[in-house]
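These notes concern the structure reproduced below.
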Amino acid sequence: MKHATHCVAEQYQEMYRQSLEDPDGFWLDQAERLDWFKQPALGGEWSFDPASISWFADGSLNLCHNAVDRHLGTRGGDTAIIFEPDDPETAGRTLTYRELHAEVVRMANAMKAMGVAKGDRVTLYMPMIIEGVTAMLACARIGAVHSVVFGGFSPEALAGRIEDCGSRFVITADEGLRGSKRVPLKANVDAALAELDHETPLDGMLVVQHTGAAIEMTEGRDHWLHEIASDNDCPCEVMAAEDPLFILYTSGSTGKPKGVLHTTGGYGVWTATTFNYVFDYQPGEVYWCTADIGWVTGHSYIVYGPLMNGATSVVFEGVPNYPDHGRFWDVVDKHKVNILYTAPTAIRALMREGDEFVTSRDRSSLRLLGSVGEPINPEAWRWYHDVVGAGRCPIVDTWWQTETGGVMITTLPAAHDMKPGSAGLPFFGIQPQLVDNDGAVLEGAVEGNLCITASWPGQARSIYGDHERFEQTYFSTYTGKYFTGDGCKRDEDGYYWITGRVDDVINVSGHRMGTAEVESALVLHDLVAEAAVVGYPHDIKGQGIYCYVTLNAGIDGSDELYKALRAHVRKEIGPIATPDHIQFTDGLPKTRSGKIMRRILRKVAENDYGSLGDTSTLADPSLVDRLIEGRQNR
Ligand code: WTA
């Protein structure tokens, strides 16, 4: 599909060539889009074996300065943030860069008053309100390391994330709102703290008054933002380029979620540069990314990328289907949104409700559409293009990950033709490689495991507190390469088509989830003996969560227990991890050495029995028939 122009395509090719030939020169040039206290002379210094990554190491800067203060002289009166509340009848808010500066300073002063200092980890458990953004920026301002935990995670999940990074401070709100439902954030933090062993697990908690609900405050520890905030001068800390900026927990194929660590300079350059090119942002345009700040998309493309570019970024508290399925398009019309960046799961859910919700709204402000988080099926792509964008707006399908910091593979709106379902071509500096399971490099139009062979500035530097796990997870499968965990096809035009995860991570409504996490939650239940969890195709969510559960001797899988187990997983992890189906079984397919054969479980969940492969190595081959029978009786 064409929207691109020839000359820009050539320019892209030339820039891409330069970025590979002279990465340091290229990225030091791009680094000039930021304000540095000390301009870097060093580019990338890195190795993938062993993993050690640094960019712009001799430079110093502050990303809050770059996202806020630096704009005050030239565009202090321009709109930085448009806040659109959950309930459209409630008044929203618009902040200019000058007003954003004032709010960030107040937040930063409140944090300092609680005792937060440079290098401290601060956990944010926030609704999608302006204070979520100002809390992130305030951390960056004073050199604290933010760890944002999605407001939909349970107290148990929050507790683990507070403990893992040794965070002594939490910023939260009384309550959040989503589709008119109240989320008891402050009470959840209290419940999380009760899970932790220490008697005084926190030094301070800052609470934003949002809904005005009555909540309990612990004297001496909990503070209302409006009571301790002040307008005192609060300069930006000078940060070395490799000082940590944030930790963000994400799921892997094994074990607990890992705290992906990003640093300041490289992440700043990467998000500022990708935002600029991928969205082709023009001054004055209104940009809306519908993600939550609890995910990396929110970090890079609601907060840092747009604000470092002086853009107007919409912060939306609500959901796509409240008050009705036309809400997205109401927001587009109300704020004259030019660029919309959302996830395939939202597109599919809205598509199901019919075109009328879309076509009854104007949408003529839209210029560019973006997709992120999971593969977009061509049918949803076409609906997004033809109905939402009325055939006028190019789509950028951006492939990237928490670990990559920002967009890695995409088409650029002015430079490339689009292919529905394909993310497109590598961004500047990105060298994708497809390898087979033995690590042999595959050339030409093929399908394989997606690796990246050279570092880029936005790359994660480590897993917080566990560099060995970082090495192990990303650099040990194919020595000397960053392994993404994704399968991918390359076509004859060099376009990349992500096929989904090839590890035990599943992607449910664009949320990354480790099957191991859901399994651990299930086996915590008293009546569960063993659990194995796999993903299976789901019309709206992309993948659904399919659980095989064996129960303790003498226990039957009743409807009641089915419901109890679903509720149990919600409580342990959060609503996004709620199993779509639980199949009770008398055993799991294991090899004689006791290894669960997940391939079989995946096939059965997919209702695909023709290609079960060799089942003769199973300890109990007859189990397969019983699994299939159980699946069909669903
Ligand atoms: C998947 C989200 C296909 C992929 C930014 C990746 C995608 C995982 C796309 C990372 C896309 C993300 N097309 N798949 N455009 N974007 N993915 O860390 O499997 O939450 O590995 O980062 O989402 O999820 P994460």
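The values are calculated or read from the model by the stated rules, or taken from the named source; none is laboratory data. This is a predicted model, so every value here is computed, not measured. When we count neighbours, we look across all protein chains shown, and the Cβ atoms used for this are built from the backbone with ideal geometry, even at glycine. Calculation scope for accessible area: heavy atoms of the full protein, side chains included, ligands and nucleic acids excluded. Shrake-Rupley method; radii C 1.70, N 1.55, O 1.52, S 1.80 Å.
What to note about this one:
- Pairs with Cβ under 6 Å, 6+ apart, first in region 170-197 and within 21 Å of His146 (Cα to Cα) and touching a residue at least 40 places away in the same chain (Cβ under 8 Å), second among the polar types (S, T, N, Q) and in a strand (DSSP E or B): Val170/Thr123; Leu185/Thr172; Val189/Thr172
- Val105 vs. criteria over 18 Å from Val286 (Cα atoms), of a type in the set (A, V, I, L, M) and assigned to a strand (DSSP E or B): no
- Tallying residues that are of a type in the set (Gly, Ala, Ser) and open to solvent by 10 Å² or more (accessible area, probe 1.4 Å) within region 109-150 yields 4.
- Condition met for Phe83 (open to solvent by less than 30 Å² (accessible area, probe 1.4 Å), assigned to a helix (DSSP H, G or I) and in contact with a helix residue (DSSP H, G or I) (Cβ under 9 Å, 6 or more places away or on another chain)): no
- Verdict on His146 being within 30 Å of Gln282 (Cα to Cα), out of contact with any helix residue (DSSP H, G or I) (no Cβ under 7 Å at 6 or more places or on another chain) and touching a residue at least 40 places away in the same chain (Cβ under 8 Å): no
- Here Gly370 does not fit the description of being more than 16 Å from the ligand (Cβ to nearest atom) and not charged (D, E, K, R).
- Looking across region 123-170, the residues that are under 21 Å from Leu307 (Cα atoms) and among the small types (Gly, Ala, Ser) come down to Gly132, Ala135, Ala138, Ala140, Gly143, Ala144, Ser147.
- Selection status of Val624, open to solvent by less than 50 Å² (accessible area, probe 1.4 Å) and either of a type in the set (S, T, N, Q) or modelled with pLDDT of 95 or more (or both): no
- Candidates in region 481-510 are the residues that are away from the ligand (no atom under 12 Å from the Cβ) and open to solvent by 30 Å² or more (accessible area, probe 1.4 Å); of these, the one that is nearest to Ala454 (Cα to Cα) is Lys481.
- Of all residues in region 219-237, exactly one satisfies the criterion of being crowded, with 19+ Cβ neighbours inside 10 Å and without any contact (Cβ under 8 Å) to a residue 40 or more places away in the chain, namely Asp222.
- Strands (runs of 3 or more DSSP E) wholly inside region 377-479 that include at least 3 residues being touching a Lys or Arg at 6+ places or on another chain (Cβ under 9 Å) and more than 16 Å from the ligand (Cβ to nearest atom): none
- Enumeration of residues in region 339-376 that are more than 22 Å from Asp539 (Cα to Cα) and part of a loop (DSSP other than H, G, I, E, B): Ser360, Arg361, Asp362, Arg363, Ser364, Ser365, Leu366, Arg367
- Pick from region 283-310, criterion under 25 Å from Trp36 (Cβ atoms) and surrounded by fewer than 24 Cβ atoms within 10 Å (Cβ to Cβ), ranking: farthest from the ligand (Cβ to nearest atom): Pro283
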